[in-house]
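Read through the structure below, which is laid out as structure tokens, and then see the notes.
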Amino acid sequence: MKLIQLRMNDFRQFLGEAVIDFASDNNDMVTIIHGENGVGKTTILNAIHWCFYGVTLSDFEKSELLVNEEALKKEINTTAVEVQFLHNEAHFRIIRRYDQNAGESTVTGFRIEKGNNIPVNGMDAVIQRIIPVHMSPYFFFHGEGLNSLGSGVGRNSFREAIRAILGFNHADRALELLGSLKIKWQKAAAKLERLDAQGRAALEAEASATENIVAARDNYQESENQLDLVETRLQELNEEIASINISNVDKLVERRQKLEKRERVIPKGLASIDNQEIGLISKYGWSIYGYSTLKDSAKVLENFRTERKLPSEYNDRFVNSLLKEGVCICGTDLTVSPEARSKVEAMLAGASTSDQEDALTSAIGIAENIEDVSGLYTTRVTQLSAARQEIIEEQGSISRKLEEIKNRLSQVDHVRIAKLEADREDAKGLAGRLRDHKHLCKIALDNASKAREVAKRKKKAVVNEEELGIYQSRLDYIDRIVESMKNLIQVEELSARNEIEEIINERLAKYSRKDYYSEISEDFSFELKKQDGTPVAKSKGERALLNISFISALIQLAKSRCDSSHDYFVQGTVAPFVIDAPFGELDNKYRGAVAEFLPESTEQLIVLLSSSHWGKVVEDGLRDSTGKEYILVSESQIDPSAGKTLDEIVIGGIAHQCSRYGLPETKTVVELI
Amino acid sequence: MNDKDIEATIDLAIREILTVIRSSSTATSEVSGEQNMTSIETIINRKLSDVGIEE
């Protein structure tokens, strides 16, 4: 940034308009503003600061009283300050106005392009991006505050200033965003990990279910094989018994086989009836409860409707027809009896409408429908119950017949038959147990198959190890970027610290009377040391020299970084150095030193000086770089005969008057030398 | 995954991220943090893709 012009209107000591054009050429970049105490040097420094940030510096007294006192007498209650500046080859205008009565300020901004003013929204934010307010103390500087800087006070702000100048704020912002991105990805990964844990459980469940399926299938197969063997054996026994030539035995055996065949399908018939009953209950069971709840209400509603208690004794169509025909049901002529007509008309309010009648019919219809469903359900359940009873009776009949056949066969006195019958009974018992076992194996197989299907669905929904792996890679990568960026910042910070230290020590070597050097610690405090490393108790002048060296070195560092591109952080913040009363505590030699190195350090220097700070050494140091030079002249209404002495300052061997008396207004005037 | 390849992409990623941040905050315009984060996300995913980690 380079300041081009400051324009003040009725601002503190400056009545009306006061304009200062600043030197901004690369070679003639120093603007000197001379002024004695109280005429407005500090006001100029504060005008620039206030215009940019809306606040004055902390030591600017009565900062709420900004309007010139003479202007107030003329009932002018507002003031304005305008600063024009260049930034990155763009020309800006910022104007801040203040209404002292309201205590409010407003700011407007423009970009000047080919003579046109293009409004810039959010000018405050623009300034903050060019020179953040926390940086302003290092560029808009009150020399009398020099001794409060350095060791102890403001260490962190020095560090922050250096970081901002080096452009670390971009890296800080990047680190902040990387941190946010890391959190976002951590959350996404954590979610996937949770899902993945469920997925692993699903995988385990699937594996376990598969094992169970294999085992159940083996058991089922084994049961089936054994059952085949037993049934074959049973068949053989039947055939063998039937082959024995004893009267009716073969027929008995044949009969028994048929009965047993029928006996085996009976459980299936009973299971089928059970299933049908379950289906009926789930589908229509509600109708039993619904009907028992509604039947009385439906009956009452139907009775009310029959008796025309609901929705009304008469409907609107009937009443309207009476009105239309003009005759009441009692025969009264409604056209000649207004009273009778009014009564009939009043009936309309209580008459039922077709909507009400439809609603009632619908409610009764629903209740009747539920009754139908309930009846259907009862009928079907009764039928199933009868069918079950029939099967149970058949089962009993078969059992009795089988028992009878068994008894008849056992009465045959034949050892062989008895043996065969006994074997057959064993085989039959075994076959029954095997069938039960086979049935259980089938249930186990079905359950395991269902469990595996559920596990597969869960696994499909939640397992995404590949995606989780990608998130983990991203998080590792972010960690490495953050680590590398922090290392870079650390290296740059160290390099900057060393560079500043080197600049300060070059100046100390050149200008200090003693063989001292400065050391900047990691926390950015700096102190003066003897060559053997012993800390030195600084004099006021030495401290002031050291502090102003530090600040100017800081600005020189920023300037050097603006001039050259940088791999990572490129240019940082750089601004004009506006310094008020920089030579206060310095002796003549040190004043000459500061006047010599300040122009070398900055891109633009604006120095505000009183005559007590001005002298040959300062003039020699600044002269070659000076492009503009002003005097702030104090004009006063005081009578010249009151004995006031006239202030003078000698510049370039010529005496310039700094105060005038007996004038119509009291104000400060800016005069270009 | 070659560690040297990744190291090289980290260096490039840092430069690109800082360029995004710098260009997002000029005197007269400012890009939102959300947009910057999306840009950084894109840069990282692209760099990981370069070393065969991302799709």
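Quick note: the coordinates plus some simple rules give every number you see, no bench work behind them. In this text the structure is predicted, and so the values were computed from the model without any measurement. When we count neighbours, we look across all protein chains shown, and the Cβ atoms used for this are built from the backbone with ideal geometry, even at glycine.
Residues of chain A were split at every exposed loop site, defined as trypsin sites (Lys or Arg not before Pro) in a DSSP loop with at most 14 other C-beta atoms within 10 angstrom, and the longest piece left, sites excluded, is A:310-512.
Taking amide hydrogens as placed 1.01 Å from N in the peptide plane, the amide H of A:GLU629 sits under 5 Å from those of A:ILE32, A:ILE673, each at least 5 positions away in sequence or on another chain.
All distinct Cα pairs of region A:53-107 go into the 1/r average, and the inverse of that average, the Kirkwood radius, is 12.7 Å.
Would you please give the FRET efficiency between A:ILE76 and A:GLN531, computed as 1/(1 + (r/R0)^6) with r the Cβ-Cβ distance and R0 = 51 Å, to the nearest 0.05?
0.25
Per-residue Karplus couplings for region A:590-606, computed as 6.51 cos²θ - 1.76 cosθ + 1.60 with θ equal to phi - 60°, are listed in order as 5, 4, x, 4, 5, 4, 7, 8, 4, x, 6, 7, 10, 8, 8, 10, 10 Hz, Gly and Pro entered as x.
Note on A:THR293 and A:SER362: the extension gain reaches 23.1 nm, defined as 0.36 nm multiplied by sequence separation minus the Cα-Cα distance.
Qualifying GluC sites (Glu not before Pro) in region A:44-101, where qualification requires a DSSP coil assignment and no more than 11 other C-beta atoms within 10 Å, comprise A:GLU61, A:GLU64, A:GLU75, A:GLU89. Taking 7 Å steps out from each Cα toward its Cβ at A:ARG97 and B:VAL51 produces label points 5.8 nm apart. Shown is the FRET efficiency for A:ASN121 and A:LYS644, computed with R0 = 45 Å from the Cβ-Cβ distance and rounded to the nearest 0.05: 0.35.
For A:GLN5, the amide hydrogen comes within under 5 Å of the amide hydrogens of A:PHE22, A:GLN84, counting only partners 5 or more places away or on other chains and with H modelled in the peptide plane. Dipole magnitude for chain A: computed about the Cα centre from +1 point charges on Lys and Arg Cβ and -1 point charges on Asp and Glu Cβ, it is near 1960 debye. All C-alpha to C-alpha distances of the protein assembly as shown, sorted into 10 Å bins beginning at zero, yield P(r) values of 2, 9, 12, 11, 9, 6, 6, 6, 8, 8, 8, 6, 4, 2, 1, 0, 0, 0 percent in whole numbers. Just so you know, the Cα atoms of region A:530-673 work out to an Rg and Dmax of 19.6, 68 Å. To check you understand DSSP bridge types, tell me what percent of the beta bridges within the protein assembly as shown (both residues inside) are antiparallel, rounded to 5. Close to 75 percent. Available extension along the chain between A:ASN369 and A:ASP479 is 32.5 nm, counting 0.36 nm per residue and deducting the alpha carbon span.
What angle do you read, to the nearest 10 degrees and between 0 and 90, between the alpha-carbon axis of helix A:168-243 and the longest principal axis of chain A? Result, in degrees: 10. Database remark: amide H of A:GLN604 closer than 5 angstrom to the amide H of A:PHE577 (H placed geometrically; neighbours at sequence offset of 5 or more, or on other chains; Pro and chain starts carry no H).
With point charges of +1 on the Cβ of Lys and Arg and -1 on the Cβ of Asp and Glu, referenced to the Cα centre of chain A, which listed residue (A:PRO640, A:ASN26, A:TYR138) lies farthest in the positive direction of the dipole? Value: A:TYR138. Helix A:415-462 and the longest principal axis of the Cα set of chain A meet at an angle near 20°.
Here's the picture: charge each Lys and Arg Cβ at +1 and each Asp and Glu Cβ at -1 in the protein assembly as shown, and of A:ALA216, A:GLN531, A:LEU177 the one pushed furthest to the positive end of that dipole is A:ALA216.
Take every Cα pair under 8 Å whose residues are at least 6 apart in sequence, average their separation, divide by the length of chain A, and the relative contact order is 25 percent. Legend: calculated FRET efficiency, A:GLU61 to A:GLU104, from the Cβ-Cβ distance at R0 = 30 Å, rounded to 0.05, equals 0.90.
Phi-derived couplings, Karplus 6.51 cos²θ - 1.76 cosθ + 1.60 at θ = phi - 60°, listed residue by residue for region A:631-648: 10, 8, 9, 8, 10, 9, 7, 4, 5, x, 7, 6, x, 5, 7, 8, 7, 9 Hz, with x used for Gly and Pro.
Against chain A, whose longest principal axis is taken from its Cα atoms, helix A:41-53 shows a tilt of about 20°. Potential lengthening of the chain between A:GLU404 and A:GLU89 amounts to 101.4 nm, from the contour at 0.36 nm per residue minus the alpha-carbon distance. Over region B:3-50, the hull volume per residue, using the convex hull of the C-alpha atoms, is 52 Å³. Our coupling estimate for region A:288-298, obtained by passing each phi through the Karplus curve with A = 6.51, B = -1.76, C = 1.60 and θ = phi - 60°, is 5, 5, x, 5, 5, 6, 8, 4, 5, 4, 5 Hz, Gly and Pro reported as x.
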